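What follows is a short report on a single structure.
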Amino acid sequence: MALTPSTMIPLGTSCPTFALTDTMSGKMYRDTDFKGKPLLVMFLCNHCPFVVHVQSELAHLGQEYAARGIAVVGICSNDVESHPSDSPTHMVEMAKKNTWTFPYLHDATQEVARAFHAACTPDFFLFDAGHQLVYRGQLDDSRPKSATLVTGSDLRAALDAILNGRAPAADQRPSMGCNIKWKAHSSATT
């Protein structure tokens, strides 16, 4: 399992535009659908052991913070030709199995992942109500096969700060996970 860190793009970066279909509902979601609300964008996939390790916490986090006014979306950008387990059909199965209530969007062209500079799964991007980046980094210190419990502490602290009208701490640690599985013709790093 290759360990890839998130790119840690500059805080203050504007949320890239996106228009992607939710695999569960078939509904198209756009960044503008969440105008005026803080937005958490999570790059995920079905097979990655790092995502599997935190999948239950993602369900809790998604439900809790959506109820508190944060818009939450998951996006899978992996190449389904090389990784068929990340296909939309399997995305639906994973979302159902984990009772994910947030939209789980399919980025078939990988253009959205490139626009976000997403590098790994999971990769987290939190934008404030003006859709300026205020947090990018890890969920917490837990990793597969580690003794550290999954708590979501780093991301939860950032979400709580936004809800309390504060900026998240500037000291942010990169997320770690499997690299996004880029298509062979992609100009991105594989």
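Taken together, the values in this text are just the output of simple stated rules run on the coordinates, not laboratory data. Given the structure is predicted, the values throughout are model-derived calculations rather than measurements. Here Cβ is always computed from backbone atoms with ideal geometry, including for glycine, and neighbour counts include all displayed protein chains.
The lysine pair count for the chain, using Cα distances under 26 Å and pairs eight or more places apart or on different chains, is 12. For Val134, nonlocal amide neighbours, meaning residues 5 or more places apart or on other chains whose placed amide H falls under 5 Å from its own, are Gly12, Leu126, Phe127, Asp128. In order along region 93-109, the Karplus-derived 3J(HN,Hα) couplings, from 6.51 cos²θ - 1.76 cosθ + 1.60 at θ = phi - 60°, round to 4, 5, 4, 5, 4, 9, 6, 6, 9, 7, x, 10, 8, 9, 9, 4, 7 Hz, and Gly and Pro are given as x. With helices as the sole contributors, the chain gives -7500 deg cm²/dmol at 222 nm; each DSSP H run of n ≥ 4 counts as -39500 (n - 2.57), and the sum is divided by every residue. For the chain, with a Gaussian network of springs between Cα atoms less than 10 Å apart, report the residue from Asp154, Asp141, Asp171 with the top mean-square fluctuation. So, out of Asp154, Asp141, Asp171, the one fluctuating most is Asp171.
With a cut-off of 17 Å, note down the residues of region 131-145 whose backbone N falls inside the zone around a label point 7 Å from the Cα of Asn164 toward its beta carbon. Taking a point 7 Å out along Cα→Cβ of Asn164, the residues of region 131-145 whose backbone N falls under 17 Å are 135.
By definition, a body whose alpha carbon gyration tensor gives a ≥ b ≥ c is oblate when a/c is 1.5 or more and a/b is not larger than b/c, and region 53-128 fits this oblate description.
Per-residue 3J(HN,Hα) values for region 152-164, derived from phi via the Karplus relation 6.51 cos²θ - 1.76 cosθ + 1.60 with θ = phi - 60°, read x, 4, 5, 5, 4, 4, 5, 5, 5, 4, 4, 5, 9 Hz in sequence order (x marks Gly and Pro). If you take all other residues with their beta carbon under 9 Å from the beta carbon of Phe43, and give Lys and Arg +1 and Asp and Glu -1, the sum is -2.
For P(r) over Cα pairs in 10 Å bins from 0, in percent, the choices are (1) 10, 41, 39, 10, 0; (2) 7, 19, 16, 12, 8, 6, 6, 5, 5, 5, 5, 4, 2, 0; (3) 8, 22, 16, 15, 13, 12, 9, 4, 1, 0; which was calculated from the structure? Evaluating P(r) over Cα pairs in 10 Å bins from 0, in percent on these atoms matches (1). What separates the Cα centres of region 103-119 and region 26-91 is a distance of 11 Å.
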